[in-house]
1. Of the residues Leu87, Leu25, which is at pLDDT 90 or above and under 32 Å from the mean Cα position of the chain (by Cα)?
2. May I ask you to list the residues in the range 372-383 that are closer than 16 Å to Ser359 by Cβ and open to solvent by 50 Å² or more (accessible area, probe 1.4 Å)?
3. Looking for something in contact (Cβ under 8 Å) with a residue 12 or more places away in the chain, under 17 Å from Ala462 (Cα atoms) and crowded, with 17+ Cβ neighbours inside 10 Å - is there at least one such residue anywhere in the range 337-359?
4. Check Gly412 against each of (1) open to solvent by 30 Å² or more (accessible area, probe 1.4 Å); (2) under 30 Å from Leu293 (Cβ atoms); (3) under 21 Å from the mean Cα position of the chain (by Cα) and name the one condition it does not meet.
5. What number goes with the only condition from (1) open to solvent by 70 Å² or more (accessible area, probe 1.4 Å); (2) touching a Ser or Thr at 6+ places or on another chain (Cβ under 7 Å) that Thr280 does not pass?
6. Can you name every residue in the range 345-395 that is under 30 Å from Arg572 (Cβ atoms), assigned to a loop (DSSP other than H, G, I, E, B) and not hydroxyl-bearing (Ser, Thr, Tyr)?
7. Which of the residues that make up the range 58-93 are open to solvent by 10 Å² or more (accessible area, probe 1.4 Å) and either part of a strand (DSSP E or B) or aromatic (Phe, Trp, Tyr) (or both)?
8. Could you please give the count of residues in the range 528-545 that are over 30 Å from Arg466 (Cα atoms) and either among the hydroxyl-bearing types (Ser, Thr, Tyr) or in contact with a His (Cβ under 7 Å, 6 or more places away or on another chain) (or both)?
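The values are calculated or read from the model by the stated rules, or taken from the named source; none is laboratory data. Just so it is clear, the model here is predicted, and its values are computed rather than measured. Because the Cβ atoms are built from the backbone with ideal geometry, glycine has one as well, and the counts that use them run over all protein chains shown. Only protein heavy atoms, including side chains, enter the accessible area calculation; ligands, DNA and RNA are left aside. Shrake-Rupley method; radii C 1.70, N 1.55, O 1.52, S 1.80 Å.
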Amino acid sequence: MRRHLISIGAVLALGARALGAQGALPPAIAADVARLFNAPAAVRATGALVVRADQIVAGDVAVLEGPVTIAGRVTGRVLIVNGDVTLERGARIDGDLIVIGGRVSGQDVATIGGQVQRFEPQLRYHADGDRIVAEIGEVVPDTGHRAPTRWLRKLHCREVSPICPLLIGGSYNRVEGLPIEVGPSLVLGNDRARLRVDALGVVRTVDNFRWTSENLGHDVTAKLSDAHDREFAVGGRLYDVVEPTERWQLRDTEIGLASFFFRRDYRDYYNRHGGNGSLTLKNGHGVALTFTLADEVWTDRRDRSPFSLFSNDAAWRANPQMDAGHFHIGSLALEIDTKSDDQNPRTGWWIVAEAERGSSPAVTLSPFSLLARGMSSGGPPVPVTYMRGFLDLRRYNRLSPTGQLNMRLVLGGRLGGDPLPLERRLALGGPGTLPGFDFRNTPGAVDVMTCSAYGPLAGKAALCERIALAQLELRGGFGLQAHGHGEIEDWFLDVDHGAQWVLFGDMGRGWLVGGDARLGELHYREAAFPPLKTFQGDVGVGLDFNFIGFFVAKAVSEPKEPMNFFVRLRHRF
């Protein structure tokens, strides 16, 4: 890590004239900044970051598109790329402070053990996964005319690979096997705006890459945004893809590993073919509002029995047959993200609120329609107009240097109009929501987690029109570590982040709106909320090692249910 810092210092004097002359970072500095940001760090974040007065960060801090506020102590280097930094009274940085394309405030009231290096021009870069790549090339001097010759052009891979480009398009699943996306990506940009176009074909590995329409698709996207994607973005997309009905419960990686290794797919799927356009407005501080209009055809997809490492002779859980129709969709989504860190948040909010209106003149009902809609399949197609909302609210609270109390509330479902199509239905149960209950195998003749009742057909599809879920967890570390040398004031305590114990509890259920009064445990009036005594609940304990966690959960509302052991990548939420 230190050699990158020396490299920046060596070219500082040589680059000073170039900085003033052409208004851009010299190539050597731009490359070093990207290497510094990609190097291992104790904290790496995108967007606003706050280091509180009582907080000690043991190691380096790298932040992309700040702003950054430091009131506590950082024992390593601080690198801010394209953002401002504010140092509050008493702040301490033991290493260097490097600011690219931003301002430094409060330097006179803080202690900085290393050098302060600030570069006025912003870094031009593009993202490759979690890494950034400096865009280095000839910049045409500004003649006062914004001609196309001023734009930087670069054809690049979306993944660092000799094949340009080739990447995984989604998680391994029982419908596609492994979807692989192949195609070019093009970036055009200057210091004010950036255009990115990805033209990707989708090839599915199921059936040994057989060249059939069912195994091929496409995903073409175009996005125009401000230079650093902080204020606005206008996008368009054309697609023929396999889509999960509920993406919010588990991460794609978790779905793929469970499917490939253990033949357990925790999602259901349908096919989306069409296009959309979107407009996103951002305030640069973790708040984004996105409006989308789409025109797409929904069709059914069958499970195809791809290979799995274990239990390869067992049958996959059937992918439920979905409703089919041509839909016109408008949606509005609000995201608020003030988390202290994307991967390991200690404080802050993460809120996603969505509202969607969809309509189709003719929807072909699935065999589940009698339970889901009170109508039987096999008849003529019916018109559908629906309104659906979804809220995922998470709060992370730091209680002590080693302790956290984290909370999550999920509310979703029908807001008005006709009963929801199956593609927009919801369910609970399993490792992502109520891990004390097995996925799609909850007890009782009437299942308040999937909103199904009786018979072998029930329980295999998500049928709830509304759900409510509350999750609570208490975390703690296993101790403190002492660091330092010399005099007492040079010593400090740091949290051992190697592992955390976790105590948690979950409570939730789903229900249907209106409908057959004979199924009173499932149906409630439009404005009614089910009594809390009808909710299912569990408690559990686990060990979380940041990148992986091992947990045991026990249902408390159904005492006869056995304990469930499950594994999560990263944190539960």
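1. Values: Leu25 fails: at pLDDT 90 or above.
Matching residue, one of Leu87, Leu25: Leu87.
2. Pro381, Pro383
3. Checked against the condition, which is being in contact (Cβ under 8 Å) with a residue 12 or more places away in the chain, under 17 Å from Ala462 (Cα atoms) and crowded, with 17+ Cβ neighbours inside 10 Å, the range 337-359 yields no hits at all.
4. So the condition that Gly412 fails would be (1).
5. (1)
6. Pro345, Arg346, Phe368
7. Within the range 58-93, Leu64, Thr69, Arg73, Thr86, Arg92 meet the criteria.
8. 1
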